[in-house]
Amino acid sequence: MRIRIGDIKTHFVSYYFPRLLSNRGVWLVGILLSAASLWGVNFFADGEKALAENHLDKAQTYLEAALAQGQISEKLYLDLGLVYQKLGLVGEALKMFHKGADLGGPLQYLLEYDAGAVSFAQKDWSSAEQAYTAVLQLRPQFADAVLNRANTRLEEKNWQGAIADYELYQSLAPQNPQKAVIDQVIALLKQTLVDAEAQKLAQEVRQKQEAQAKAADEAKQAAAKAQAEALAAAEKKRQEEILQKIRQSLKGVSGDSKALGTGPAGVKTDDGDFSLSP
């Protein structure tokens, strides 16, 4: 069987490179990249074709090869990010989207948009909103980004922000098939805000009433304590007065007290000795 140079160019590298790359044969990859350069193989084009046909493993291999070749472009990062996303390689997908967005080219808004979609799927609401906001800074009329940011804000319970985005989406896409549903969501969110405000006011009133009741109770307790202290003080004063009267009454009948001592064979008093003998 004869192999033509054209066959080698068309089939050899494209067929064997994915297998060699998947086996991480670094030195062989280097040889194949050199051969690809010699034969003019366009891995990026092959990767795009594989992606379009949903051959994700092939697409990953070719697009990674294109990246290794140095074919850096927004489109390469976008395609490789999409491949990683479909393969469930979330971290790699985000890395590609961010690298592509950092190039600041015309596809930046799409790269930011896809980064937002990946973050939303991972329930990373903060990163998703940040990405969609970046999209809208580049393309303020991009309706899909507005809708996705509205959905993100809904998950974050940012009712006011969600309402604003849903209303903006309705104005940007007035004929969208979800218009009736979104109108219902907007009405529900507005009612939620009203209910939340009413609940907040009710809570404030309740807290004020509780504070007033507490203050009144404290005042009542303080008054009762003061009254008890006043009664105790009055009783103490009354008892002091009674004691004073008793002292005054005893003062006239008490007489003088004389000291007694003992002496030899008798008792000695201040008035002299007296004998204990019969």
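For this structure, a couple of remarks:
- Note on segment 141-228: Rg/Rh from Cα positions, Kirkwood definition for Rh, rounded to two decimals, is 1.45.
- With K and R counted +1 and D and E -1, the other residues having a Cβ less than 12 Å from that of L82 yield a net charge of -2.
- Residue-count net charge about L56 - beta-carbon cut-off 15 Å; Lys, Arg +1, Asp, Glu -1: -4
- Selection of trypsin sites (Lys or Arg not before Pro), segment 52-140, meeting DSSP coil and at most 10 other Cβ within 10 Å: K123
- Net charge of Cβ neighbours under 12 Å - reference N148; Lys, Arg +1; Asp, Glu -1: -4
Read-outs: derived from the displayed coordinates by stated rules, not from any lab. Everything quoted here is computed from the prediction, not taken from an experiment. Glycine also receives a Cβ, built like all others from the backbone with ideal geometry; neighbour counts cover every protein chain displayed.
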